Amino acid sequence: MLAALFFAYLPTSRASEHLDNFLSPYQEDKQATAKLLFYLRDVGGFNALWNEDGSIILIPSSRFILVYDTHTLEILHRLPHRAFGLLWNHDETELLSWSSEEVKVWDTVTWEEILSLPQKEVVIRAQWGFDETRLLVLHSVADLTRAEPSNLTIWNAQNGQLLSTLALEGEIFNRLPSDLGWTGNQDRFLSWGDFKNVRIWELHLEENGSFTAEITLELPHVDTSNGNDYLDAAEWSSDEKRILSWSGNSIKVWDAQTGENIYTISDDNYFFYPVQLSPNNRYILGTDIRSNTFRVWNFLTGAEVFHADNNERYLNRAIWDTNGDRILSSWRHEGITELSIWNVETWTENSILTSEFFDFNYALWSKDGNRLLLNMGNILQVWIIPQENVCLISTQKDVNLRNGPGINFELTGLLPLRSVVYAIGQNTDTEGFLWWKLDIGEWVRADVVEATGDCNTLPQIEDLQ
């Protein structure tokens, strides 16, 4: 899943002035738990997107979608769209982008525009739908700060034909991490119109090819008698058997079939913003802005399993990693910003970096959960932060690959600048140099690359063929 952090930041000029001093301590350790791969100055990075292998990063700007090559750090293409949202299709051969006025589809081989859907109403969100043969576009027809009606339009993704316009009773907010609250086969979706109730809608395909929608369940999250008067968001569990909804001091879990409230987490001393279900559906993460820390509950039972000690720090935000095995948190204390990673099995905190000069604006994990894209003070960085029991090899220059651990073995190619690959084993040559066996089948000498993660525990590989 795709996740984001939003914080205040310093002006770009001051951030750039102190950048080199800030980064220098992290270049000294050749083997560490986190390592900076590269950075780009003076780029926004909000709503950025990268491909699965990390070789391309897409960054929306004030006029274009910038396509960066992460090996050369050059701009490959400038797509003429002032977009504030981006999504790949399943195999990354097409890119969906949207602004408040227009939805576009791009061919990612030629980077040419292949579809444009001008919109009469303000676009909140767009996404692929229905085996990517159709596009779903959510519109606001009124002020986003009020519970006013919205429209959901459904389009043919090949020819741009409008198939249906569905008027929804109340607002659907763009607060879910990656979609509009759809089930996997997209026959049901969630709304939280009028700020009080979660509604489950069922979508029907008619014989003429259009769609209709009806409300099948309504979950009464907000009890106005206790002072709450709005609902923040709702989302499905990955198995679609439960629904998580939350407001300021109330978290509720529902049976998605019967509408039964399974349990409620509520306390007048809490104020949660935001609340996130872990990608593996094990835990609920809530940022408690009253105590400046975060709490974690078991999703099955609702029992609290962890309450982070803020150590007199102010918590900016906490988010899950890609798999739900770690939590990324950002803290502020006495003018210092600290970024930490928490292991959810041991609940131990590992500080990744601290900065006197930068606050964190945005964060996005890679699909494999081993790299983190950060925007700090309008400076976009990519960090290598491997998961447990993973060793990653990165390069700061082109390096030779060989078919065995030694320079007497055949040279098979080059590992390009700023590559990131998995190491699966190690060996030492006759001159005492350490070599890494890579998952691509080749070997690289350890002193010309950088190793990050659990690398010392890699097995000795004696079969050198």
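The values are calculated or read from the model by the stated rules, or taken from the named source; none is laboratory data. Predicted, not measured: the structure shown is a model, and the values here were computed from it. Quick reminder, even Gly has a Cβ in these numbers, built from the backbone with ideal geometry, and neighbours come from all protein chains shown.
Residues in region 48-78 that are in contact with a strand residue (DSSP E or B) (Cβ under 9 Å, 6 or more places away or on another chain), without any contact (Cβ under 8 Å) to a residue 60 or more places away in the chain and not in a strand (DSSP E or B): Asn51, Asp53, Ser55, Ser61, Arg63, Phe64, Glu74. Residues of region 301-326 that are under 25 Å from Arg371 (Cα atoms) and buried (at least 18 other Cβ atoms within 10 Å of the Cβ): Ala308, Leu315, Asn316, Arg317, Ala318, Ile319, Trp320, Asp321, Thr322, Gly324, Asp325, Arg326. Within region 271-328, being outside any strand (DSSP E or B), modelled with pLDDT of 90 or more and among the small types (Gly, Ala, Ser) holds for Ser278, Gly302, Ala303, Ala308, Gly324.
Restricting Glu169, Glu218 to residues that are surrounded by fewer than 19 Cβ atoms within 10 Å (Cβ to Cβ), modelled with pLDDT under 85 and in contact with a strand residue (DSSP E or B) (Cβ under 8 Å, 6 or more places away or on another chain) narrows the list to Glu169. Is it the case that region 351-358 has a residue that's under 23 Å from Phe271 (Cα atoms) and either in a strand (DSSP E or B) or modelled with pLDDT of 90 or more (or both)? So far as region 351-358 goes, no, none of its residues is under 23 Å from Phe271 (Cα atoms) and either in a strand (DSSP E or B) or modelled with pLDDT of 90 or more (or both).
Could you list, in sequence order, all residues of region 79-106 that are assigned to a strand (DSSP E or B) and not aliphatic (A, V, I, L, M)? Those that are assigned to a strand (DSSP E or B) and not aliphatic (A, V, I, L, M): Gly85, Trp88, Glu94, Ser97, Trp98, Glu102, Lys104, Trp106.
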